[in-house]
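K.L.:
Once you've had a glance at the structure underneath, I'll fire off some questions.
The values are calculated or read from the model by the stated rules, or taken from the named source; none is laboratory data. This structure is a prediction, so every number in the text was calculated from the model and none was measured. With ideal geometry, Cβ positions are generated from the backbone for all residues, glycine too; neighbour counts draw on all protein chains shown. Heavy atoms of the whole protein, side chains included, go into the accessibility calculation; ligands, DNA and RNA do not. Shrake-Rupley method; radii C 1.70, N 1.55, O 1.52, S 1.80 Å.
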Amino acid sequence: MDMEARATLRYARISPRKVQIVLDLIRNKPADMAMAILKHTPKAVCEDLEKLLKSAMANAENNHNMDTTKLYVASCYAAPGPILKRIRPRAQGRAFRVLKRTSHITIVLKEKD
């Protein structure tokens, strides 16, 4: 049986497309290396992902009795959440729609054998 620990962030106020760029950097990396990558990557989502990775590591240690030194990011993905629709005033009384996208982000950690 393969043990896995997961953590989920729902309704993050950032586009899934922007999140996916950073998730591609940490996929299949050891957890401590992924944390270092997140610390030194200048993207807006890194702060949230760092917190989420810490949460997944804590879940692994406390809920599943996994060894934190052997953990790696088995999978991570961002799914689109609900879209907030806002209006931007434009010339001649028109209104343009602004879509403020949200994300549901999941990180899954497993132990290396």
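K.L.:
Say R0 is 35 Å: what FRET efficiency, to the nearest 0.05, do Ser55 and Lys85 get from their beta-carbon distance?
P.N.:
Working from the Cβ atoms, E equals 0.70.
K.L.:
Give the total of Lys-Lys pairs in the chain with Cα-Cα distances below 15 Å; include a pair only if its members are 8 or more places apart or on different chains.
P.N.:
15
K.L.:
Solvent-accessible area per residue for the chain at a 1.4 Å probe radius, Å²?
P.N.:
On the way: 7450 Å² over 113 residues.
It amounts to 66 Å² per residue over the chain.
K.L.:
Roughly speaking, to the nearest percent, how much of the chain's 1.4 Å accessible area is carbon and sulfur? Kindly include the intermediate steps, with their values, before the conclusion.
P.N.:
Working: 3720 of 7450 Å².
Ligands and nucleic acids excluded, carbon and sulfur give 50 percent.
K.L.:
Also, quick follow-up: Angle, helix 46-64 long axis vs. longest principal axis of the chain, Cα atoms, 0 to 90°, nearest 10?
P.N.:
40
K.L.:
For P(r) over Cα pairs in 5 Å bins from 0, in percent, the listed values are (1) 2, 11, 22, 25, 20, 12, 5, 2, 0, 0; (2) 2, 12, 21, 20, 14, 10, 7, 4, 3, 3, 2, 1, 0, 0; (3) 2, 11, 20, 22, 18, 13, 8, 4, 1, 0; which was obtained by calculation from the structure presented?
P.N.:
Working out P(r) over Cα pairs in 5 Å bins from 0, in percent from the coordinates points to (2).
K.L.:
Tell me the label-point distance for the pair Tyr77, Asn28, using the 7 Å Cα-to-Cβ offset, in nm and rounded to one decimal.
P.N.:
Once both label points are built, they end up 1.7 nm from each other.
K.L.:
Using a 1.4 angstrom probe on the protein heavy atoms only, line up Ile37, Ile87 by accessible area, largest first. Write out the running numbers ahead of the final one.
P.N.:
Working: Ile37 40, Ile87 115 Å².
Sorted by accessible area, descending: Ile87, Ile37.
K.L.:
Quick one: Karplus J couplings for the stretch 95-110, per residue in order, coefficients 6.51, -1.76, 1.60, θ = phi - 60°, nearest Hz, x for Gly and Pro?
P.N.:
Along the stretch 95-110, the couplings run 10, 9, 8, 10, 9, 9, 7, 10, 10, 10, 10, 10, 10, 10, 10, 10 Hz.
K.L.:
Just to confirm my numbers, what's the Cα centroid distance between the stretch 79-97 and the stretch 1-63 in Å?
P.N.:
Answer, in whole Å: 30.
K.L.:
Say R0 is 25 Å: what FRET efficiency, to the nearest 0.05, do Ala44 and Lys112 get from their beta-carbon distance?
P.N.:
0.25
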